[in-house]
Amino acid sequence: NFSALPLQYRDLDEAADFQEVVDQLEQSITELRTTSHNLLPEVLQKAGLCESVNLYCEKIRKLALLDIEFQMLGVLPPLTDDFQLNVYRIIQELVNNILKHSNASHTLIQFQAKENRLSITIDDNGSGIPADTPEHNGIGMKSLNDRVQLLDGTMEIEQGRGTSVYLEFNIRKFIRKK
């Protein structure tokens with residue numbers, strides 16, 4: 001609304017001070033969005049990683065965007081907020097990629113906790129992303145790789161009948177101290 005004022009008040013269009021204020025406001029909005037994106041969602045704090053991912057899948061399913069299923073195998077120990085947030089954001093980015101690019105009708109997210117390891121598999125029945133498209137090497141993929149590296153994890157992507165993403169983390173150093 002603020003940046004649209006010059007349409008009503010023509011003199012503002014030529015006021016350098018006004019444009020500087022609009023630019024500062026836009027920069028502040030961008031920084032606020034980035035900060036809020038990195039904050040720990042309340043559901044993650046209260047319910048933990050598994051329940052948060054399950055609720056996220058339910059939300060996607062209710063919006064009829066995708067038939068998405070979550071499974072947890074084993075028992076996940078209490079994990080640090082930082083680890084949970086990064087894994088949750090990784091899941092969100094991968095699901096967002098599925099919604100935007102794959103034309104999938106079904107997705108399975110599976111967590112398996114075993115002996116200080118968390119393995120995550122995300123399978124979809126979509127078309128995948130051709131390796132020569134910008135999306136394959138875009139900001140989203142860079143962000144995914146950065147988050148996985150931050151957690152000393154590994155990520156493999158296989159494409160065939162759909163796409164499978166395999167993530168693995170040694171969670172020993174991310175177990176919350178009592």
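Before moving on, here are some points about what is shown:
- Filtering region 89-103 to residues that are open to solvent by 20 Å² or more (accessible area, probe 1.4 Å) and not polar (S, T, N, Q) leaves Arg89, Glu93, Leu99, Lys100, His101.
- Whenever a residue of region 140-152 is loosely packed, with under 13 Cβ neighbours inside 10 Å, its partners that are modelled with pLDDT of 90 or more and part of a helix (DSSP H, G or I), lying with C-beta atoms within less than 7 angstrom and at least six residues away or across chains, give the pairs Leu150/Asn86.
- Test: residue in region 105-116 that is among the charged types (D, E, K, R) and more than 20 Å from Leu65 (Cα to Cα): yes
- Restricting region 158-167 to residues that are touching a strand residue (DSSP E or B) at 6+ places or on another chain (Cβ under 6 Å) and surrounded by fewer than 17 Cβ atoms within 10 Å (Cβ to Cβ), the residue that is nearest to Asp123 (Cα to Cα) is Ser164.
- Selection of first residues in region 69-83 that are buried (at least 16 other Cβ atoms within 10 Å of the Cβ) and of second residues that are charged (D, E, K, R), restricted to Cβ pairs under 9 Å at least 6 apart or on distinct chains, gives the following pairs, ordered by first then second residue: Phe70/Glu58; Leu79/Arg176; Phe83/Lys173; Phe83/Arg176.
- The strands (runs of 3 or more DSSP E) falling completely within region 67-178 that include 3 or more residues that are farther than 22 Å from Ala47 by Cα map to 154-160, 162-170.
- Matching residues in region 17-35 - criterion: being open to solvent by 80 Å² or more (accessible area, probe 1.4 Å) and over 30 Å from Arg89 (Cα atoms): Asp17, Gln19, Glu20
The values are calculated or read from the model by the stated rules, or taken from the named source; none is laboratory data. Keep in mind that this is a model prediction, so the values were computed, not measured. Positions of Cβ are backbone-derived with ideal geometry, glycine not excepted, and every protein chain shown enters the neighbour counts. The area values use the complete protein model at the heavy-atom level, side chains included, leaving out ligands, DNA and RNA. Shrake-Rupley method; radii C 1.70, N 1.55, O 1.52, S 1.80 Å.
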